[in-house]
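To start, the structure itself, in structure tokens.
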Amino acid sequence: MKKRMVLAMTFVLCAASVAIAGEKLNIEVVSKGFQHDFWVQVNRGCTAAGEEFGANVNFVGPASESNIAEQIEQLSNAVNKKPDAICFAALSPESSMDMIFQARDAGIPVITFDSDIGGDTGGAVKAFVATDNKDAGAAAATEMYNRLKDKLTGSDYVVHIGVLSQDTTSQSVGDRTIGFIEKMVELCGADTTSVEGHVKYNKHVVGAKVVLDVGIPAETTDSQMNTVTQTVFNKSNLVGVYASNEFAAKSMVNVDETFQLLGPDKVIGIGFDSGIVQVEAVRERILYGAITQNPYMIGYLSVKSAVEAAKGQPVKDIAVPFFFYTADNMNNPEIASCLYE
């Protein structure tokens, strides 16, 4: 009788172990929002990875990318749920640090994506999944310089290039902005290129032949971004405009409906990301081109890494490839798969 009871108990324990082993992991994803097509595609990639690797994925984000407080509250909620792992795209690295430490203390691995935390997180952040945004910004600068080289190096008057960014807090947007600025200064010459318009990036050069006019709104709203874009468009001898994300690029395209400055043999516009407004502008040659990330793969690889980290497996940073697309190459299958129109 005792032998049968022991066997029965052993069977129950084994069954319980199998049930636990078969349970899905819980992954919380705190993004920067839902308002841009980019995040819709990131969400799709997260969902696909969850289905493939056996995880329940809960995807949240603030109503606006300027709403840092809302995102921190969402991150706090995620930590309090005690999930198996968290994926996090920081709007403000500094504001996020306390909650990242709480996740570490609770034994919850964190995968950052799109925008990193930076600094010493005490081992809380296991990996960072994103485009190399500084390199991508530099690639955009190189493309613009190649189109404008004669005007930038052989002009008898000062020429202006607009640099549009949605904010000063996002690590990804900041890297794209500084990547573009530093590369353009390098190509045009540090002694003849002045950076003006915003205290974060200003580097005034007396007698400059090229001026980079940086425009950043106080808040991430359509009206404020459009006002900043209009100010840049009103600069005399404007030869090029770069927008560092989908939000800023859409403003550039929308404002140009009034100004009619962009186009071949006019002002060269280069954007970042895709989405239907920007893709159509490139297709119609209003914009010369844009950098596209692969948001689906960013989401997919973030959740995949989170699952691996939750299981105690080693993970590492992943640089997701980017492409520069124009009307001439946007139908290339490798590029077309990254355009989320």
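The values are calculated or read from the model by the stated rules, or taken from the named source; none is laboratory data. All values reported here derive from a predicted model rather than from experimental measurement. Cβ sites come from the backbone with ideal geometry, for glycine too, and all protein chains shown count toward neighbours. Keep in mind that these areas ignore ligands, DNA and RNA; they rest on the heavy atoms of the full protein, side chains included. Shrake-Rupley method; radii C 1.70, N 1.55, O 1.52, S 1.80 Å.
Looking across region 267-310 at every residue that is among the charged types (D, E, K, R) and touching a residue at least 12 places away in the same chain (Cβ under 8 Å), the one that is nearest to N237 (Cα to Cα) is identified as R285. In region 303-336, of all residues being open to solvent by 40 Å² or more (accessible area, probe 1.4 Å) and among the aromatic types (F, W, Y), the one that is farthest from the chain's Cα centre (by Cα) corresponds to F323.
Candidates are the residues of region 234-260 that are among the hydrophobic types (A, V, I, L, M, F, W, C) and within 25 Å of the chain's Cα centre (by Cα); the one that is surrounded by the most Cβ atoms within 10 Å (Cβ to Cβ) is A243.
Could you check region 124-147 and list, in sequence order, the residues that are open to solvent by 40 Å² or more (accessible area, probe 1.4 Å) and part of a loop (DSSP other than H, G, I, E, B)?
D132
Exactly one residue out of Y288, Y296 is of a type in the set (S, T, Y), under 21 Å from S115 (Cβ atoms) and open to solvent by 40 Å² or more (accessible area, probe 1.4 Å), and it is Y296. Residues in region 158-185 that are assigned to a loop (DSSP other than H, G, I, E, B), at pLDDT below 95 and either open to solvent by 10 Å² or more (accessible area, probe 1.4 Å) or among the acidic types (D, E) (or both): D167, T168, T169. Return the total of residues in region 79-103 being more than 18 Å from A306 (Cβ to Cβ) and either open to solvent by 10 Å² or more (accessible area, probe 1.4 Å) or in a helix (DSSP H, G or I) (or both). So the count comes out to 7. Please specify each residue of region 28-54 satisfying the condition of being more than 14 Å from the chain's Cα centre (by Cα) and open to solvent by 10 Å² or more (accessible area, probe 1.4 Å). E28, R44, T47, A48, E51, E52, F53, G54, listed by residue number. Applying the criterion of being in contact with an Asp or Glu (Cβ under 7 Å, 6 or more places away or on another chain) and of a type in the set (G, A, S) to the residues of region 291-326, the residue that is nearest to A85 (Cα to Cα) is A310.
Applying the condition of being surrounded by 19 or more Cβ atoms within 10 Å (Cβ to Cβ) and among the hydroxyl-bearing types (S, T, Y) to region 187-202 and asking which residue is nearest to G174 (Cα to Cα) yields Y201. Can you confirm whether region 273-290 contains a residue that is closer than 30 Å to G107 by Cβ and modelled with pLDDT of 95 or more? Within region 273-290 (the criterion being closer than 30 Å to G107 by Cβ and modelled with pLDDT of 95 or more), the answer is no, since none of the residues qualifies.
For region 140-179, filtered to residues that are of a type in the set (G, A, S) and within 19 Å of S115 (Cβ to Cβ), the residue that is nearest to the chain's Cα centre (by Cα) is S172.
Here region 104-118 is the region considered, the condition is being hydrophobic (A, V, I, L, M, F, W, C) and within 21 Å of A55 (Cα to Cα), and the residue that is surrounded by the fewest Cβ atoms within 10 Å (Cβ to Cβ) is A106.
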